[in-house]
């Protein structure tokens, strides 16, 4: 839905001015077609790789524009910010570059990799509070006590116009788009992109994407009380309260906001890793998650995705890949009831091997009450080529007179 700009909204010229300010300082990230994602989804997908920024996130744009707006006296007082990670790193990195003291408040749930990266950029990091709302209160207190300038992660005109430079680059570097799918936390990213896009390419649908656990913008647009909470893979958009300014921008310029499940976000992270060979954190993959969750809506459309961040814990990324292999039955776990006698394990291994399966783990049980006194059970995790291959292996084991039960994925 479009409407007349509000006097407080950044304008297209404000966003263009921000683009001039960051030109040559920040990376102009590529906006490229993604044929493998297109085959996966049925949409013609183009990806803006903001995970290639120095701090692996789009947040550098808004943070730098905000810091450049400060007076010399404000720079001397320093800045304070709160963030689950990406805004923190962006403010810390560019404050260090510009010689501005920075204090960053981060919630206790922030991934370790993001806390350490923020410290590495020279900021004073305060890890307190369970939620971003609590962190914002702590940061506000620090600002009041020290005189530091508050750098809001999203509800600030300078931050919003900085994020809007992404849309300028997408429009200049790519083909005309039917839709842009933009992750939504507090609304700064979609706010800046929506203003620029609806001014330059009004035919493009601007669709926000939130996790079902934190439907803040969707609820605010509907005039309802959003129920937010839970441990989301997309912690970067796990925001309970959207900005006042960003909400008004969304009302004027955003066409829709959709919600995605945690499972869809996992699938999207895995798709970026395995198909595009690039790192996407949960929030960064939210746009792709929306297409995976509702492919019919976007089938045949030319869709622009903003991979807005790649700061995912490597162990979490590895876990997601294994979980997706289990969902696609390329890793299966079976429990086999066997007679407790010599040679049985060798026979099971030979049967699985003859079918082309690869054994990853084996657990041997003798004391389970569900197993006959003279029997045993073996839990075997097997790498397969997919569902048909997994069924073939199970059938071969059953043909050897073993009782085979499929277990939950490992």
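Every number in this text was worked out from the coordinates using simple rules, so none of it is lab data. Owing to the predicted nature of the structure, the values given are computational and were not obtained by experimental measurement. Because the Cβ atoms are built from the backbone with ideal geometry, glycine has one as well, and the counts that use them run over all protein chains shown.
Some observations on this one:
- Angle between the chain longest axis and helix 157-173 axis [Cα atoms, degrees, rounded to 10]: 70 degrees
- Estimated 222 nm signal from helices in the chain, with DSSP H stretches of n ≥ 4 weighted -39500 (n - 2.57), rounded to 500: -13500 deg cm²/dmol
- Coordinate range along principal axes, alpha carbons of region 329-406, Å, largest first: 35, 20, 18
- The mean sequence distance of close C-alpha pairs (under 8 Å, at least 6 residues apart), as a share of the length of the chain, puts its relative contact order at 16 percent.
- For the chain, the fraction of alpha-carbon pairs in successive 10 Å shells from zero, as %: 5, 21, 27, 20, 12, 9, 5, 1, 0
- Residue among 161, 297, 251 with the largest mean-square fluctuation in a Gaussian network model of the chain, springs linking Cα atoms under 10 Å: 297
- Of 280, 376, 84, the one that fluctuates the most in a GNM where the chain has Cα springs shorter than 10 Å: 376
- Residue of 142, 45, 348 that the Gaussian network model of the chain assigns the largest fluctuation, springs spanning Cα pairs under 10 Å: 348
- Sorting 365, 6, 94 from the fewest to the most surrounding beta carbons within 10 angstrom yields 6, 365, 94.
- Tail weight of P(r) past 20 Å, computed on alpha-carbon pairs of region 272-362, percent: 56 percent
- Across all directions, the average flat footprint of the convex hull enclosing the Cα atoms of region 60-150 is 5.0 nm².
- Packing, taken as the mean count of other beta carbons within 10 Å per residue, orders the peptides 285-295, 126-136, 17-27 from highest to lowest as 285-295, 126-136, 17-27.
- For the chain, DSSP calls about 45 percent of its internal beta bridges antiparallel.
- Take every pair of alpha-carbon atoms less than 8 Å apart whose residues are at least six positions apart; their mean separation over the length of region 329-406 yields a relative contact order of 48 percent.
- A convex hull fitted around the alpha carbon atoms of region 102-227 yields 147 Å³ per residue.
- Computed from Cα atoms, the angle from the helix 244-253 axis to the main principal axis of the chain rounds to 80 degrees.
- The length gained by stretching the chain between residue 173 and residue 318 to full extension, at 0.36 nm per residue less their Cα-Cα distance, is 48.9 nm.
- For the peptides 185-193, 394-402, the ranking by packing is 185-193, 394-402, with the highest mean count of neighbouring Cβ atoms within 10 Å listed first.
- For region 60-150, averaging the sequence separation of C-alpha pairs within contact (under 8 Å, six or more residues apart) and dividing by the residue count gives a relative contact order of 32 percent.
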